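Everything below concerns the one structure shown next.
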Amino acid sequence: MKIVESLKWRYATKKFDPNKKLTPIQVDGILQVLNLTPTSYGLQPLKFLRIVNPEIREELVSASWNQRQVTDASDLIVICIENRFTEEDVDQFINRTASKRNEDAKTPRYDSFKKMLMKIVDWSKDDYQNWARKQAYIALGNLMTACAVEQIDACPMEGFDAKKYDEILGLDKLDLSSVLVCPIGFRSEDDRNSQLAKIRKEHHEIVIEIN
């Protein structure tokens, strides 16, 4: 499988070449991949920020444990969750679904579906955000796999100060919280990590077959 070779090629890039940039077509493709990420019920409680402004990216360095990937990579993606899930969100989702499928949203089947989704609205803040964060990690996995297939380097990052990111990016005004950061671009030729052997368990050590 080609994807296996692509995943063997990828690594968490520690040093990007700041002179190599993604093409507009590559950027658009990556953003489409993020939008196509599977989420629970297809609800997409996420937002994806593409940070373009170099001054903002420079400001984010100190909130990223001084990791220069955030400035040197071609693009910086911040994966965020929406802080709340409301009845309005449920109605918008149902109406969008019905419209796309040429169906009537005012039916018993959709009424039943809405009642099920309203349970999420009634969750505690912690329960909701824990659920939403799981969706963010699915998006990160999707992003890294797509980048590997397209020979685009990436560095998934949990090592950042989320509160400072939220402040610098003004996420409170958008009712969002940052969860993950992923610089993407092209590795520098002198990134020694690109030459290191990939360390993984043997197949039989991690895969259990139950017959």
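For the reader, a short list of remarks on this structure follows.
- Computed on the Cα atoms alone, the convex hull of the range 113-176 gives a volume of 137 cubic angstrom per residue.
- In the range 91-181, the trypsin sites (Lys or Arg not before Pro) that fall in loop regions by DSSP, at most 12 other Cβ within 10 Å: R101, K106
- Subset of K47/K134; K114/K134; K2/K100 violating a 24 Å alpha-carbon distance limit: K2/K100
- When the helices of the chain are scored as -39500 (n - 2.57) per DSSP H run of n ≥ 4 and the total is divided over every residue, the value at 222 nm lands at -13500 deg cm²/dmol.
- Derived scalar couplings ³J(HN,Hα) [the range 63-74; Karplus, 6.51 cos²θ - 1.76 cosθ + 1.60; whole Hz; x for Gly, Pro]: 8, 10, 6, 6, 7, 6, 4, 5, 9, 7, 5, 4
- Euclidean distance of C-alpha centroids, the range 33-95 and the range 98-146, integer Å: 17 Å
- Structural size metrics of the chain, computed from C-alpha coordinates, are Rg and Dmax of 19.6, 61 Å.
- Counting every other Cβ atom within 10 Å of each residue's Cβ, L171, L143 order from fewest to most as L171, L143.
- By the rule of a C-alpha distance below 18 Å, with chain neighbours fewer than 8 residues away ignored, the lysines paired with K14 are K198.
Every read-out reported here was derived from the displayed coordinates using simple, explicitly stated rules and does not represent laboratory data. Given the structure is predicted, the values throughout are model-derived calculations rather than measurements. Glycine also receives a Cβ, built like all others from the backbone with ideal geometry; neighbour counts cover every protein chain displayed.
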